[in-house]
Structures are given as structure tokens and as C-alpha cells.
Amino acid sequence: MQYAAEFRNITKVFGPVEVLHGVSFGIPAGEVQALIGENGAGKSTLMKILGGYQPPTSGELLVGGQPVRFHSSRDAEAQGVVLIHQEFNLADDLTVAQNIFLGRELGGALLDDAAMNRAAEAALARLGVSLDPRLRVRGLSVPQKQLVEIAKALSRDARILIMDEPTAALTVRETEVLFDLIRKLRSEGVTILYISHKLEEVKALADTVTVLRDGAVVSTDPASALTPHEMANRMVGRELEDMFPDKGQAGAEELLHVEHLSVPGWAQDITFTLRAGEVLGFAGLVGAGRTELFEGLLGLRPHSVGQVRLSGKAVRLRSPGDAARAGLVYLSEDRKGKGLLVDFQLRPNLTLMTLEHYAHPLLDPRAEQQALKKAVGDYGIRSGRLDVAASALSGGNQQKLALARILEVNPQVIVLDEPTRGVDVGAKREIYLLIQRLAQSGKGVIVVSSELSELLGLCQRLLIVREGRLVGELGAGEMNEQEVIQYATGLKAAPLRETA
Amino acid sequence: MVVATLLNHDFLTISNLSNVLTRAAFIGIIAVGATFVIISGGIDLSVGSMAALIAGSMILVMNALGPSLGSVAIIAIGMLCALAIGAAAGLLHGTVITRGRIEPFIVTLGTLGIFRSVLTYLSQGGSISLNNDLSDAYSPVFYGQLLGIPIPILVFAAVALLGGLILNRTRYGRYVQATGSNEQVARYAAVNVAQVKVVTYVIQGLCVALATLLYVPRLGSASPSTGLLWELEAIAAVIIGGTALKGGAGRIWGTVVGAILLVTIENVLNLTSIISVYLNAAVQGVVIIIVAFMQRGKRT
Amino acid sequence: MVVATLLNHDFLTISNLSNVLTRAAFIGIIAVGATFVIISGGIDLSVGSMAALIAGSMILVMNALGPSLGSVAIIAIGMLCALAIGAAAGLLHGTVITRGRIEPFIVTLGTLGIFRSVLTYLSQGGSISLNNDLSDAYSPVFYGQLLGIPIPILVFAAVALLGGLILNRTRYGRYVQATGSNEQVARYAAVNVAQVKVVTYVIQGLCVALATLLYVPRLGSASPSTGLLWELEAIAAVIIGGTALKGGAGRIWGTVVGAILLVTIENVLNLTSIISVYLNAAVQGVVIIIVAFMQRGKRT
Amino acid sequence: QTKQVMGVSIPSADHGWTAGIVYWANQTKAELEKMYPGLTVIVKTAKDANEQANQIQDLSAVNKINSLVILPQESAPLTRPVGNLQKKGVFTVVVDRALTDPTAQSAYVAGDNPGLGKVSAEYVGKTLGGKGNIVVLRGIATVIDNQRVDGFEGVLKSKYPDIKILDKQYANWNRDDGFKVMQDYLTRFPKIDAVWAQDDDIAVGVLKAIQQAGRSDIKFVLGGAGMKEMVKKVQDGDPLITADVTYPPTMIRDAMRLTAKSMMTKATMPKSTIIPSVLITKSNAAQYYYPNSPF
Ligand SMILES: Nc1ncnc2c1ncn2[C@@H]1O[C@H](COP(=O)(O)OP(=O)(O)OP(=O)(O)O)[C@@H](O)[C@H]1O
Ligand SMILES: Nc1ncnc2c1ncn2[C@@H]1O[C@H](COP(=O)(O)OP(=O)(O)OP(=O)(O)O)[C@@H](O)[C@H]1O
Ligand SMILES: [Mg+2]
Ligand SMILES: [Mg+2]
């Protein structure tokens, strides 16, 4: 078989830790090859090596049959290898078009911004996005940034396109468009290396699947030969039980009641109730305004609200601090920008919201370290060492750390915005179990997610948001994919049931 | 240090070392405050003017209280006054910066002019001197010793230790670092970012006041040129000490070393006359760059 | 502007406006360079000293060339010399900062001392004056007009336009912004970040040299107090103009307005005597903060 | 003969006049060390009062000086540090700026700041015939500046009440500020008879501003201190610079000479020596012209 690119015995060492142990496999030309594995298995690291961002510690890389040695991403691009980053790689102060064309601007001595804006708009349009290319990236939402990141890579003439979890931040609709595009590229002869934790997608899209575990290749098979369940088993190396635990029964006690919440420009007149023991889902398309709704509720954005009751008590939430004291916490979807202090070590990141437990009155680093060890065990955070900066964790492990932080607060109501973004199946299941445990212990959990299967499998009730308004509510018996999409896209709208 | 001793064997005498440390105390104390401000992502350019204003005001207050009260009481009131002005100035900075959402550089550049102007106005362009008897009563605060160590050195050590403790071992210190590292993340993690920032400026103001308390008995007066360019020295001490100007991470210990280093360079230049006096500032500049270069090596 | 006119009807006379703009030209030209440095995430504190050193050196060179050459040739050589020193100083800054990986604040604080020291040494502390006949031949560069507009204003306008063009319409300008916004991203996009930074300092050096070319014919001399505190004024102009001190985004047009504003405040204070002269700096400070506050409103 | 050490602490050369001080201090050091073989002279410059206080501490603690000649950056803040040295037995000679506590200085050698203001006022008053509008450019906000301006205004008020001061602004003993302030004065006042710039550096800027504006109403500009370029102009009969008033940096030389003499020959030094400010006009300019000095 002819390989578009091939790894031969690649190893990679960070400090004292070897994260890739002699990886060898080839990527057949003109195919979609999927690479799957647990968080921290080394997928991104491997792709960064192929993309020219990091050199391998040892081993050989072949592109088009020739051994290559990339010194920078530019070298890789010269060979037609382009990488879409898992962590965004955009300059906040520049516009969408400026980012897309950074490093290969159009125009002569003077730049041709009009042409770049047009081309950027076209690149985004291929993804089915209409976004003003003159907007600064700083103001974009996470999914929008993800789309810009994809557009940036697509606008380069790639012969080998590496996609590191491109759909982690996308909803079904954008995902569909992206898949059509990938299939089209494949038919044009582009080789695609696709990394994802969404195994259904992998099954639907890939020609071959390579499984990586703990920095070594486990298997390479045609996708048609594997079911998602088998893929998951190979990733974790043992038999995985059902993804979703049994849904519990919501109690009668009202934990959170929000009345007439408006976040100007994003959400209008939102009213809902969350009960003790309930897992409540918020569904909607990218840009529906779910994130902003909750940021408004926590006082992170200008907002107006009729009333907020927590455990029956009327409260005013002006800041996340007020909310945390009242027993409400929020996990942001933007891990890098709003979630973790990436330059800080794991310990201060974990304890940031609960420092009062460790201050008497001086902080006790040993107690903090204990807490970290416990959290690492409880949430399955995988890291070679514990005294590294959070930025050295793999994407999924960063997510677990962020989740661990807000749960340290021991809140009554937990709002999780994209809780399993970038998390592997095994860990995902653990998070689902955790959510269930939290609910069973009488807490209320709100899950905002773009993964419909996750919402359907996890939630007792679903609220659907479209263009900043609640447009539908589905109880346990009425939930199915069709129904949700019809509400989310506006094909169906129902008068809301009285929830108060 | 070795170079310093080689250049002049007097450098290592106890009296000279104690002189050097005493001098480092002024800038050092101010720089400890500046470390907080800079780590949180801010900057305070007004410290020199603030010192001048505090010195002038406190002298005026003490002179006005006249001999009716005992001199100990007068000095105590003067000191409280100084600390109050320092804290108020810091509060003003912090509030304007956070509420008004204006760059700290601009706000403190503005108050740099304002503070010094007000002092010039108070002194009518001349200088404000402490009455003689008060001056004598006050002077032990600078010239006195405790256990053979000059008081300014003791105060400096205390401020540095306390600063290090607050920065590294308290919740507030952690919040300062988190705010400087990524303000958004800190905000989402329920840190009251505005308050954290305001308090850094108040700490800075208090440090300036404390340094002024030691400065006044030394020179016994304040004038429009008091504290000129101290802001540059203080910030330089912080940055030589290894704190990043863009915030997020830093250490008090480095700042202390930075302050002592700056004063040592000056002292050694005074002790030797190998080079033309016109070139003193050039030597200082070269040494600062070299030290920063070596510091950097240590960090990575 | 309206306030300025109300306070003194002389403000709006053509001759006064032309005075104000001419003065703004010095700081303005330097501030255009500073805009590049600051957007790329750096800072240059040495511009005032650099101006003094360039002025002194260029006068010495021109005097030394003596009357053997024609005065036009001498002035041309002097100008080239100035530009060469400015570019060299910028290259030095950029190289030490990028190769040595030292904070720009420290490097340029160091050269601030070094440059001024060297000038003081050259002038033996006094002033360096241009020979009389050369001075006469050179003076049209400052005092002359073209189409009724003083030459410094024309040069200022040209520099601002060129700066705006480079910043917003060329690849290099784009890379400056990308580097300041996120160095890592720029590096991944194959931008030669170190080179981009070095060039910003060279641009700054050239701007300082250009400002000095206009400055020398004004007084025909340079002294150790030439250019004192220009760095603060230049940086203030940039930041009042809406560029963020931490880099990433900014605009030349804002800088131009900032520079003119700073000079206008001073001018208006000189034209009126409503307040005690002692408080001039206070008024300046207050106005700067207010303007920054209003600017901020506009941006969001 | 015993070894003697004289410390000389002066402001660093940050403008013309202090450059003159540094120049004359170094000249005199050479002269005195040649004249008295047992004498060592150490000259130190300081950029501000704080550094100067540090410096004299070092001179005493490390260099073990027997006498100190100091031109204080500022009077008040250096009073106590100089007093401390005196208590340790150092013979302290203060130049130009008297300490706030006169007992701290063993001897005083000074220029005459109020005198400079008075002599200038006399010249302005006489030359204008007792009537006219003038503008004043001040130095840096300090005691010296206040003394000069007070002396100047005192004489005008008592002897020439018809001379009106239109405005006084700070020009910081600096050419650039002199230029700017004068430019604005010219915009603001349509008729100015004379300018008192108080200092020759300021006067340089003032002249350029007048030249640029092309104004002919101003009869003369009076600077001060005796900068060589200005003395030369007076000597050459410049139309605007018709006179100058001395405030000579050579006072440091006089102070060092007197101190050395008293140290080495046990001659007593007068407690106070005042070097008067005199008017330089075309007739006597030659004797105040030092072409080799930087000032
Ligand atoms: N710069 C670094 N320094 C130290 N360790 C690192 C660094 N980058 C990655 N690692 C470690 O290498 C391992 C592999 O990380 P990588 O990002 O390749 O995982 P991944 O398979 O992409 O995981 P995920 O699915 O969570 O994205 C992890 O244990 C991570 O902590
Ligand atoms: N072209 C555009 N110009 C400006 N804003 C846009 C544009 N397209 C979308 N937006 C806004 O960007 C926001 C981004 O959506 P956001 O992430 O907040 O929504 P969400 O419902 O939380 O989505 P997610 O499923 O990603 O959580 C939307 O509210 C939308 O109004
Ligand atoms: Mg990854
Ligand atoms: Mg969202």
C-alpha cells in the first residue's frame, strides 16, 4: 500500500517522561484515517510531530515515501501537511481574515485586505458558516473559534490534513457540513488524519482506525470491521460497560428557579426550574446563546432578571463569588481562556476556588497537595508528574482538572458547559457516573452540551434554546434526536409548559 | 559582590554594608509594594511623587501640631497621617483603574503629576522642613539601632518577610498571582478581581508611606524634587528581581536582591574613581543589563 | 479644543496652532515609533537619552567637518550620521532583547543611563553647540515653511501617514500586531518573531533620529538635559491614543492625537493664568486621566 | 606634614551651570594637589539630594575625609547629613545653598541669589526707564528660584512700580522649556518690553523663540549666571543680549582654595564669604569670559 505519511519508531520524551514509545504506522494516501485513544495517549503529540511543531526525540518520519525532518510548521506546510490544532491557535487582537491568512497574506507591497476578507468569507462559507471576516477573534465564541481554526487550515492547500478533535466544540449541524467537506476532500485525493473521541463519528467517517494506548499503537483495522463499542474497548484495554448509567428520579424539592432572565443581545426572557436530584439538559445549535445565558446568570455579563431562587431562597448573583457562596458553580466551555491558569501548576489550579479550606490563616501547601493527589485519583487525571504547569496536560486531562476544581466547592447546583469536550470514552463514562452520583445525592446538575447523544442519555428533561429563547421542553418519554433538532432549527416550536 | 570587594576593600566593612542596606531600604520597601502591583498585572508610576507628597504633608501636620503635644504623640500622629495618605492614594488609584477601566499606566502617570504639583503648591516651590526639636526627636527612627542593626534595615526585612508571606502563603497572594496570570480565569473562578487589584495599589501606597516614614527623619524635609524617579528604580528592582512586567509570576526575594543590587552599584561607583564621573550612569546601565542577563539564565 | 478656545481666544490663531503642532511634531514622531514597539509587546524607555546622544553626536560631527565642505553637504552628512546612530541604537536594543532574552524594560532602562552618560561625557556636562554659520544654514529645516506649513508639521504628517500605512497595510505591520497579540501563534504562522521585534526597535531609533534632525536646528545645541522625560511623554501619547500597553492592538492615528493633546494642555496652561503655576502639572494629570477615560468609552 | 583628605560633593552636570561647577571643581583639584603635596581631593557628583546624602556618608565612612566642600542639591534635606559629619569632626564648607541650620556648616561660601534678582531688577528698571511690561521665566521650583524672584520683585515694587510683570512660568533652567514658554508668551502678549529669563540656558531658548516670531517690540533679554556664549554676545554687542548678571560657577574654586589653605596652613577661614552678583556689560565682559570652561 502507498502511504501518504508514515511514522517509524517515533519516540517523544518530555523531561523525564517518555510519552511515545516507538510508534510505527502508515497513513494510506487518499483515505480518511482515524486516530483514537485515551486522554494523554499521545495523539496530539504525534500530530504535532507530523505537523512540524515539535521534533521527535528519535525515529523517522516519511512523507510521500521520503524521510523528512521538519524544523517548523512552515517546513511541513511546504510538503502539504497542515494541522488543525486541538487548542486554538489564533491571535485574539487580529480579525478572522487576518488570522486565516497570517503568515501568507495576499497582496504585493501593500496588503489586499479586501481580497483576504472575500477569501476568508468563502472559506467559512464552505463550512456553512456566515461570519463577518472583519470581526476580532477576541469576541468570538468557542465554536466560532473552532470553525475559524478549521477554515484557516482548509484555506491552505493541504495534501495531508490533520484534524485534532475538530468537532469537539461543534453541534450536529456544523459537524454534518464538516463531514461532507471531508468526504469531498477525500474524493479530491487529500489524505486526512482524523482524531476524535466521538466514536460514532469515527465509525461513520473513517476508512481505517488506528488505536493508540499509552504512547504505543494497539491496532490498525478497517473502520468497517469495528463497532464503536469495540473501539472503546481497545482504547481502554478492557471491556467497557454501558456508557450511560440509569437515569435517576428527580425529587420534588426546587433547587434553582430562574425567572425572566435576559442577557441583552444573547438571551431573552428565560424562565426555568431545576429540582433536587435532577439532571437538566440545555440543547441548541452553535450560537443559540446557552453559554451567554449562564454567564449572565452568574453576573459575568450585563443582564436583568426577575428573580433567582436557590433552594427556595431569593438570591442576587452579581459575581461568580456570590454564586459560589450561594451554592451554584459553573464550568466554562472555554478551558484555555476562562477555565484554567495554564501557566500555573496543577495544585493552585485545583484549589483556586476553595482556598479558604487551606488557609488557617496561612496556606498549607501540604494539605493542598493531598487534595491534588485525591483529585487525581477521583477524576482520573493523568499526568506524568504532578508538579508541571497545567498547559502540559493533555486536553482531556485539563478538562478533568477544571471539573475537579468546581466540585471542590461542594455546590448544590452545578452548571456544566460542555463537560466532556475532548474527554475520552472511558473518562467520559466516569464523568457521566459522577453526574449521576451528584444528582442522586440530591444536587441539581445542568448540562449544556453540543453532543446530542450525551444529552439524551444523561438528562431527565431537556430545554431547547434557539436564538436566545427557550423554544421547547422535552420530558423523559418524549426525547429523541429528531424532535430536538426540529426545535433547535426552528422547524417546530411549542408553547412552554409552566414550570414554576 | 566579589567584584565590589576587589574594587575597593572598604566595601566589605560592616559600616559600609550597613550603609548600603539602609539605603536599599527606601527603594526596597517601595519595590515590595510594586511587586504586588506588577504581579497582578498593573503598574504604579506615581510612587516617587507620592513619597514627596506624603513627606510634605506629614511634616506640615507635625509642625502644625506644634509643641502643645508631646513630641512622641506628634510623631505618632504624623506617622498615622502618612499611612492614611498612602492608603488613600492607593485606594484612589485602584478605584479609578478598576471602576473607570483606564490603563494603570495613564492613571498613575496622571497622579504622578498631580501629587508632585500639590506638594509644590504646599511648599510654594521651596522646601518644607521639620521643626528642629521634632526633627531631633524623630531622628532615631532613621539613625537608631536595635541590637546593633539600623532600624531601616529591620523595617525593610520585616516588610520583605511580610510581603513574601502574603504573596506566597495567603489566599490574597494566590489571587494576586491568578489575576495577573489570566484575569478572565480568575474572574470565572469567583475571584473578586477588582478588589484584588485595588488592594495591590493600597499595599503599594502603604509601602510608600512606610518608606517615607524612614525618609523624613533622615533628611528632615520635603521639596518638589523629593523622590524624583524613584518609580523607575522601584520598578527596575522588581524586574531585575525576576518578576515579569506583564504580571502573573514574581517573587519578593528577587525584588529585595534587585533593590540591594541597585544601591550597591551606586555605592561601589562612589567608592572608586576609576572612571570619569560623567560615565557613572553608563556603568550602572551596563551592570543592570548584565545582571538581568544572568538572572534570566538562572530562571530557565 | 472648545475648552481651549474658551479659555483664551488666542488659542485658535493660526500662529498658535502652528506652534502647537510644531511642538507636537517632536514627541509625535517619536511616539509613532513607540507605537510599533508597544504594539509588538515591547517598550523603549531610552528615547529621550537617545535623542540627546544623537543630537550631540551629530553636532560634533558637523562641527568637525568644518568649513572645508559646503554647508549643505555637511548638514546632509550630519543627518545621515543621526539616522545611522538611531538605527544602530535600535538594532542594539532589538538584538540584546531578542538574543539575550532580557525584558525590554531593563535593557532600555540600562541604555537610558548609558546614552545620556555618553552625551554628558562628550559635552563634559555642558552643552554642545553647532557652529554659527552651520546653524544658520540648518535653521530653515525647523523654522522654514513649505506652502505656508512649517516643515516639522509636514515631516510629522509624513511620518504618521507612513507609519499608519506600514502598520495597517503591509505584511510587516500585520506581523507586528500578531507578535504583540500572541507570540506563539505568530511563531506557528512562520513569522520571524525575533526579526519583527528587532525591526520595531530600529523603526523607533529612526523615528528618534528624525525628531532630532528637526530638534537640532531649533536651538542649535544639545545638553545633558535634552530630551529629559521624553520617553514618558511618548509612551503617554501612545497609550492615550488607545494602544494597549501590553501590546497586540493600536493605531497610529490615536498616537498622533495623543501627542497633540499633550502639547495642547501645556500650551493652554501657558496661555492662561487662572491657576497657580505650581499646579500646572496637576491640571495636566487630571486632563490626561479624563481624556483616557473618554477614549475608553469610544473604544467599547 | 600630615596627609589630609578633602571631599568635594557637587551636583552632577545636568545643565550648563552645574557643568561649570564640575569643570571648576576638577580644575581646582588638580591645582590644589600640585600646590599642597600632602593633600588629596576627592570630587563626587550626585544626581539628587538623596544620592548626595549617601555620598557624603561614604566620603566620611570610607574615604575618611578631614574636610568637606559641598554644594548641596538642596539645602533642607542635606542639613542633617552635613551636620552629622561635622559632629564627627569633619570641617564642613557649604557652597551656594546655605543649610537650614547654619550651625551645621563650619564655613559658608556663596553666590548671592537675592542679589542676582536685585541686580537684574535694577538693570531692567533702569534700562526701561522705570516703565514697561515684562515677562519672567522661572527656574525649577526650589528655594534658589524663590530667592531670586523675591529679590527681583522686591526691587521692582519699591523702586520701579510702573514696571508690570505680565506672567511668570517655570522654564526649569532648560533651553527647551525656555523656548516653549516664550513662544506662548509671544502668542499671548502683543507687547512685551523685556524678558527676565533669570538664567542663560533659558535665555538661549527665549532668543530662538523671539527670532522665530520675528517680533521687534522686545528691547532686551536678561539671563543670568555668566555662560560663556552669553558673555561673548554681550562683548560682541548683541542687540538683544545687552547685559548679563553673574552667578559664577567659579565659586566652587574659591571655596576649595579657601578650605585647602585653612587645612594646610592653619589659616582661619572666614565664617562666611559672599561672592556678589555683578552686572556684565560690554565694558567689563572680557574679564568674565572663560573660553575653556564648558559653561
Ligand atoms: N509540553 C509538554 N511537557 C510535558 N508533558 C507534556 C507536554 N505536552 C504533552 N505532554 C504529555 O504528553 C502526554 C500526551 O499528551 P497528548 O496531548 O499527546 O495527549 P492526547 O492523546 O492528545 O490526549 P487528549 O485526548 O486528552 O487530547 C500527556 O501525558 C501530556 O501530559
Ligand atoms: N456572524 C456573526 N456575527 C456576530 N455574532 C455571531 C455571528 N454568528 C453567531 N454569532 C453569535 O455568537 C454567539 C456564540 O454562541 P455561544 O457559544 O454563546 O452559544 P451557545 O448556545 O453557548 O453555543 P455552544 O453550543 O457553543 O455552547 C451566538 O450567540 C451568536 O449570536
Ligand atoms: Mg490531544
Ligand atoms: Mg456555548
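Please treat every number below as a calculation from the coordinates, not as lab data. Remember, it's a predicted structure, so these values are computed and weren't measured experimentally. Backbone-built Cβ (ideal geometry, glycine too); neighbour counts: all protein chains shown.
Which residue, A:SER383, A:ILE150, D:ILE202, has the largest displacement toward the positive end of the dipole of the protein assembly as shown when charges sit on each Cβ (Lys, Arg +1; Asp, Glu -1)?
The one lying farthest along the dipole's positive direction is D:ILE202.
Could you work out how far apart the two model spin labels at C:ASN168 and B:THR170 are, taking each label as a point 7 Å from the Cα in the direction of the beta carbon, and quote it in nm?
Label at C:ASN168, label at B:THR170, 4.8 nm between them.
Could you give the size of the charge dipole of chain A about its Cα centre, using +1 on the Cβ of each K and R and -1 on the Cβ of each D and E, expressed in debye and rounded to the nearest 20?
Details: 55 positive and 62 negative charges, 142 e Å.
Using only the charged Cβ atoms, the result is roughly 680 debye.
Would you kindly give the portion of the calculated P(r) for the stretch D:179-295 that falls above 16 Å, as a percent of all Cα pairs?
Numbers: 4350 of 6786 pairs.
In whole percent, the share of Cα-Cα pairs in the stretch D:179-295 beyond 16 Å is 64.
Nearest-5 percent of antiparallel DSSP beta bridges in the protein assembly as shown?
Working: 55 of 127 bridges.
Antiparallel bridges make up about 45 percent of those DSSP assigns within the protein assembly as shown.
Using Cβ counts within 10 Å as a stand-in for footprinting exposure, how do A:PHE14, A:PHE70 rank, fewest first? Please list the in-between numbers first.
On the way: A:PHE14 15, A:PHE70 22.
Taking fewest neighbouring Cβ atoms as first place, the list is A:PHE14, A:PHE70.
Report the convex hull volume per residue for chain C, counting only C-alpha atoms, in Å³. Write out the running numbers ahead of the final one.
Values: hull volume 43.1 nm³, N = 300.
Measuring per residue, one finds 144 Å³ for the Cα hull of chain C.
Using each residue's phi in the stretch B:112-123, evaluate 6.51 cos²θ - 1.76 cosθ + 1.60 at θ = phi - 60° and report the 3J(HN,Hα) Karplus result to the nearest Hz, with x for Gly and Pro.
Each residue's phi maps through the Karplus curve to give 3, x, 5, 4, 5, 4, 4, 4, 4, 5, 4, 8 Hz.
Say R0 is 51 Å: what FRET efficiency, to the nearest 0.05, do C:ASP136 and D:THR40 get from their beta-carbon distance?
On the way: r = 48 Å, r/R0 = 0.94.
Calculated transfer efficiency: 0.60.
Let me make sure I get this right: for the stretch C:137-296, a, b and c are the square roots of the gyration tensor eigenvalues over alpha carbons, sorted descending. Under 1.5 in a/c it's rounded, otherwise prolate if a/b > b/c, else oblate. Which is it? Show your work: numbers first, answer last.
Numbers: a/c = 2.14, a/b = 1.37, b/c = 1.56.
Because a/c hits 1.5 or more and a/b fails to exceed b/c, the stretch C:137-296 counts as oblate.
Quick one: order A:PHE101, A:PHE344 by neighbouring beta-carbon count within 10 Å, fewest to most.
Details: A:PHE101 28, A:PHE344 22.
Ranked by crowding around the Cβ, least crowded first: A:PHE344, A:PHE101.
Once Lys and Arg get +1 and Asp and Glu get -1 on their Cβ, which of C:VAL287, C:ILE38, C:ILE260 lies farthest toward the positive end of the dipole of the stretch C:2-298?
Result: C:ILE38.
Among rounded, prolate and oblate, which fits the stretch A:254-488 when a ≥ b ≥ c are the square roots of the eigenvalues of its C-alpha gyration tensor, a/c under 1.5 means rounded, and a/b larger than b/c means prolate? Intermediate results must be reported in sequence, preceding the final value.
Values: a/c = 1.84, a/b = 1.44, b/c = 1.28.
It comes out prolate by the Cα gyration axes.
Taking springs between alpha-carbon atoms closer than 10 angstrom, which of B:ALA55, B:ALA259, B:ALA194 fluctuates most in the Gaussian network model of chain B?
Result for chain B, Cα springs under 10 Å: B:ALA194 fluctuates most.
Take the alpha-carbon centre of the stretch A:391-454, take the same for the stretch A:175-242, and report the distance between them in whole Å.
Centre-to-centre (Cα) distance: 24 Å.
Among A:TRP266, B:TRP230, rank each residue by its count of other Cβ atoms within 10 Å, from fewest to most, as a rough exposure measure.
Details: A:TRP266 21, B:TRP230 25.
Lowest to highest Cβ neighbour count: A:TRP266, B:TRP230.
Treating only the Cβ of Lys, Arg, Asp and Glu as charged (+1, +1, -1, -1), what charge dipole size does the protein assembly as shown show about its Cα centre? Round to the nearest 20 debye. Present the calculation step by step, with values, prior to reporting the outcome.
Values: 120 positive and 109 negative charges, 409 e Å.
With only Lys, Arg, Asp and Glu charged at Cβ, the dipole is about 1960 debye.
Below 8 Å, C-alpha to C-alpha, sequence gap of six or more: please give me the relative contact order for chain A in percent.
Numbers: 1026 pairs, mean separation 80.3, N = 500.
Over chain A, the number comes to 16 percent.
Assuming a strict under-20 Å limit between Cα atoms, what lysine pair count do you get for the stretch A:3-236 once near-sequence pairs (fewer than 8 apart, same chain) are dropped?
Taking the stretch A:3-236 as the scope, the lysine pair count is 9.
Between A:VAL177 and A:ASP75, what length comes free when the chain is fully extended (0.36 nm per residue of separation minus the Cα-Cα distance, one decimal in nm)? Can you show the working numbers first?
Details: separation 102, 0.36 × 102 = 36.72 nm, distance 3.00 nm.
Extending this stretch completely gives an extra 33.7 nm.
Between A:VAL17 and B:GLN145, what is the FRET efficiency for a Förster distance of 35 Å, r being their Cβ-Cβ separation, to the nearest 0.05? Mind dumping the intermediate values first?
Numbers: r = 54 Å, r/R0 = 1.54.
Plugging the Cβ-Cβ distance into 1/(1 + (r/R0)^6) gives 0.05.
In terms of modelled amide H atoms, which long-range or inter-chain residues lie less than 5 Å from the amide H of D:GLN169?
D:VAL136, D:ARG138
Give the residue from C:PRO140, D:ALA286, C:GLY248 lying farthest towards the positive end of the charge dipole for the protein assembly as shown; charges sit on Cβ (+1 for Lys and Arg, -1 for Asp and Glu) and the dipole is referred to the Cα centre.
Positive-most Cα among the choices belongs to D:ALA286.
What whole-number value in cubic angstrom gives the convex hull volume per residue for the C-alpha atoms of the protein assembly as shown?
Values: hull volume 278.8 nm³, N = 1395.
Hull volume normalised by residue count: 200 Å³.
Distance in nm between label sites at B:ILE290 and D:LEU279, each 7 Å beyond Cα in the beta-carbon direction?
Going by the 7 Å Cα→Cβ label model, 5.6 nm.
Taking the alpha carbon gyration tensor of chain A, what are the square roots of 5 times its eigenvalues, largest first, to the nearest whole Å?
Semi-axis lengths for chain A are 37, 27, 23 Å.
Pull up the DSSP beta bridges for the stretch A:3-236 and report the antiparallel fraction as a percent, rounded to 5. Don't skip to the answer; put the middle values down first.
Values: 24 of 42 bridges.
Expressed as a percentage, antiparallel bridges in the stretch A:3-236 total about 55.
Shape of the stretch A:70-166 from its Cα gyration tensor (a ≥ b ≥ c, root eigenvalues): rounded if a/c is under 1.5, otherwise prolate when a/b > b/c, or oblate?
Details: a/c = 1.59, a/b = 1.14, b/c = 1.40.
Oblate is the answer for the stretch A:70-166, as a/c is 1.5 or above yet b/c matches or exceeds a/b.
Taking the Cα centroid of the stretch A:100-122 and of the stretch D:11-81, what is the distance between the two, rounded to the nearest whole Å?
A separation of 64 Å, based on Cα centres.
Can you list the lysines whose alpha carbon is less than 24 Å from that of A:LYS313, not counting same-chain residues fewer than 8 positions off?
Cross-link targets: A:LYS443.
What is the residue of chain B with the smallest Cβ distance to the axis taking B onto C, and what is that distance in whole Å?
Closest Cβ on chain B to the axis mapping it onto C, in Å: B:LYS246, 3.
Quick one: if you stick a label point 7 Å off each Cα along the C-beta vector at A:SER224 and D:LYS88, how many nm between them?
Result for the modelled spin labels: 9.7 nm.
What are the semi-axes of the equivalent ellipsoid of the stretch A:3-236, taken as the square roots of 5 times the eigenvalues of the Cα gyration tensor, listed largest first and rounded to whole Å?
On the way: eigenvalues 173, 85, 52 Å².
Those come to 29, 21, 16 Å.
If the limit is 25 Å between Cα atoms, which of D:LYS64/D:LYS228; D:LYS159/D:LYS191; D:LYS118/D:LYS232; A:LYS373/C:LYS246 go over it? Walk me through the intermediate numbers first.
Numbers: D:LYS64/D:LYS228 37 Å; D:LYS159/D:LYS191 22 Å; D:LYS118/D:LYS232 23 Å; A:LYS373/C:LYS246 36 Å.
Going by Cα-Cα distance, D:LYS64/D:LYS228; A:LYS373/C:LYS246 fall outside the 25 Å limit.
For every helix of n ≥ 4 consecutive DSSP H residues, a contribution of -39,500 (n - 2.57) applies; sum these over chain B, divide by its total residues, and give [θ] at 222 nm rounded to the nearest 500 deg cm²/dmol. If you can, show how the numbers build up before the last one.
Numbers: 14 runs with 224 residues, N = 300.
Counting only the DSSP helices, I get -25000 deg cm²/dmol.
Loop only per DSSP, at most 15 neighbouring Cβ atoms within 10 Å: give me the trypsin sites (Lys or Arg not before Pro) in the stretch D:36-125, ordered by residue number.
Working: sites: D:LYS44, D:LYS47, D:LYS64, D:LYS87, D:LYS88, D:ARG97, D:LYS118; in loops: D:LYS47, D:LYS64, D:LYS88, D:ARG97.
Loop-located and lightly packed - D:LYS64, D:LYS88.
Tell me, what is the FRET efficiency for C:LEU161 and A:ALA109 to the nearest 0.05, using R0 = 22 angstrom and their Cβ-Cβ distance as r? Can you show the working numbers first?
Working: r = 15 Å, r/R0 = 0.70.
Computed FRET efficiency for C:LEU161 and A:ALA109 comes out at 0.90.
If you place +1 on the Cβ of every Lys and Arg, -1 on the Cβ of every Asp and Glu, and leave all else neutral, what size is the dipole of the stretch D:165-290 about its Cα centre, to the nearest 20 Debye?
Working: 17 positive and 14 negative charges, 98 e Å.
That gives the stretch D:165-290 a dipole magnitude of about 480 debye.
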